[in-house]
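Input: a single structure, listed below in structure tokens.
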Amino acid sequence: MVYCQKCGKKNDDDAEYCNKCGTLIRGEKSLEKRIEDAAEELGRKAEAFGKHVEKKAKEFADSFCWKCGNKV
């Protein structure tokens, strides 16, 4: 479903105009598609952040002697 930006009415995904107010809605993404796109973007950002944290944790761990724990 796609929502009209003017009146908020739910319309079919393939609708060109709002069934309630007649506003052109063709080209607007459905709520489900916007959520899916946002989730994918968030997933990419989370993966990149995870790699960054992993790299920093390794750098931190490598700055200490694994036998005695002193800073190298």
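Coordinate-derived values only; no laboratory data. Predicted, not measured: the structure shown is a model, and the values here were computed from it. FYI the Cβ positions are ideal-geometry reconstructions off the backbone, even for glycines, and counts take in every protein chain you see.
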| request: Towards the positive end of the charge dipole of the chain, with charges on Cβ (+1 Lys, Arg; -1 Asp, Glu), say which of 19, 42, 66 has the farthest Cα. | output: 66
| task | Let me have the 222 nm mean residue ellipticity of the chain computed from DSSP H runs of 4+ only, each contributing -39500 (n - 2.57), with the sum over all residues rounded to the nearest 500. | result | -16000 deg cm²/dmol
| remark: Inter-part gap, Cα centre of region 15-29 to Cα centre of region 35-72, in whole angstrom, is 45
| request: List the chymotrypsin sites (Phe, Trp or Tyr not before Pro) within the chain that fall in a DSSP loop (any state other than H, G, I, E or B) and whose Cβ has at most 15 other Cβ atoms within 10 Å. | output: 66
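Would you work out the charge dipole size for the chain about its Cα centre, treating the Cβ of every Lys and Arg as +1 and the Cβ of every Asp and Glu as -1, and quote it to the nearest 20 debye?
Details: 16 positive and 14 negative charges, 91 e Å.
Taking the Cα centre of the chain as origin, the dipole is about 440 debye.
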| field | Using θ = phi - 60° and Karplus 6.51 cos²θ - 1.76 cosθ + 1.60, couplings along region 59-72 (whole Hz; Gly, Pro as x) | value | 4, 5, 4, 6, 8, 10, 6, 6, 8, 10, x, 6, 5, 8
| query | Using θ = phi - 60° and the Karplus curve 6.51 cos²θ - 1.76 cosθ + 1.60, what whole-Hz ³J(HN,Hα) does each residue of region 43-57 get, with Gly and Pro shown as x? | reply | x, 5, 5, 5, 5, 5, 5, x, 5, 4, 5, 4, 5, 5, 5
| query | How many lysine pairs are close in the chain, with Cα atoms under 13 Å apart and the two 8 or more places apart or on different chains? | reply | 4
